[in-house]
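To start, the structure under review is shown below, and the notes come after it.
Each reported figure results from applying straightforward, stated rules to the coordinates on display, with no laboratory input. Treat the numbers as computed from the prediction; the structure is a model and nothing was measured. Positions of Cβ are backbone-derived with ideal geometry, glycine not excepted, and every protein chain shown enters the neighbour counts.
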Amino acid sequence: MPESILSIKAPFDRAALATLPKNRVLAWYMKYATVFDADIHAASKQPTRFYASKAINYAPDGKINEGADAIWEDYLSLWGSFEKLTRDLRTIMFVTNEEEGTYRVHAECLTICHLKNDKGAVDVPTSFVYEIKEAEEGAGEDGLQIWEIRSYLDTAQLAKAKAQQEQYFLKVNEL
C-alpha cells in the first residue's frame, strides 16, 4: 500500500502553490477552503458539492454529524454568525494512497473570525483531518468529496468570538 506525502509548513503563501508539483487533492482543497471562507452560507446551499451525502463529521464537542446536510448545519452554528472567516494556515499534509483511492489531509491553522461591521477579529486555533475520496455520482467538485472529517478547535476562543459578536449586536439593538 504505497503512499505519497506532500507536506507544507508555515509561512504558507498561496501564490507559491504554482511552484509545487501537481497534486489533485491540494488543488481541490484550496478550492474548498476558498469557497468555505468566502461565504459559508452560500457554500451550505450545495451540501454535496464538497461533502458526500453519507459523510461523517466528528465535531469538536463530541457530536457525530452524519450526512452533508447535518455537517453544514453544524458548521453554520459554529461559524455562521461571523462576517467572514480567513485561515492562517500553519501546516498542511496530504497523504495519498492511489491504490485505495483515498486522500488524507491534515491541516493546522488559525481560523480568524471577523466580527460584523469591522468590530475586530478573534483567532481560533483549529486542526482538521479529512478523508477525501472519489465523489458520489452526480455530486462533488472536480470528482472528489470529503467522506470523513475530524475537527479540533479551541472552543473557549470560539465562545469568546461569539460573545463579542453578540455583545456588539445587543448594544446596537439598545440604541
Residue by residue through the range 154-166, the couplings from Karplus 6.51 cos²θ - 1.76 cosθ + 1.60 with θ = phi - 60°, in Hz, x for Gly and Pro, are 7, 5, 5, 5, 5, 4, 4, 4, 5, 5, 5, 4, 5
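Once you have the Cα-Cα distance between Glu73 and Asp123, take 0.36 nm times their residue separation minus that, and quote the gain in nm to one decimal. Present the calculation step by step, with values, prior to reporting the outcome.
On the way: separation 50, 0.36 × 50 = 18.00 nm, distance 2.20 nm.
Gain on extension, Glu73 to Asp123, equals 15.8 nm.
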Sorted by chain and number, the residues with a modelled amide H under 5 Å from that of Ile56, at a separation of 5 or more or across chains, are Gly67, Glu148, Ile149
At R0 = 41 Å the Cβ-Cβ FRET efficiency linking Arg24 and Gln167, nearest 0.05, sits at 0.40
Helix 68-79: inclination vs the chain longest Cα principal axis, degrees, rounded to 10, gives 40 degrees
Out of Lys54, Lys84, Lys119, a Gaussian network model of the chain with alpha-carbon springs under 10 Å gives the largest mean-square fluctuation to Lys119
Among the Cα-Cα pairs of the chain, the proportion with separation greater than 20 Å, in percent, is 55 percent
Taking the dipole of the chain about the Cα centre (Lys, Arg +1; Asp, Glu -1; charges at Cβ), the one of Ala135, His114, Asn65 that reaches farthest to the positive side is His114
Which residues qualify? For Lys84, with a placed amide H closer than 5 Å and at least 5 residues away or on another chain, they are His114
Long-range alpha-carbon pairs in the range 17-73, meaning those over 16 Å apart, account in percent for 53 percent
The helix 24-38 Cα axis meets the longest alpha-carbon principal axis of the chain at an angle in degrees, between 0 and 90 and rounded to 10, of 10 degrees
In vacuo Debye sum over C-alpha of the range 62-140, base-10 log of normalised intensity I(q)/I(0) at q = 0.13, 0.15, 0.17 Å⁻¹, listed in q order, is -0.57, -0.73, -0.90
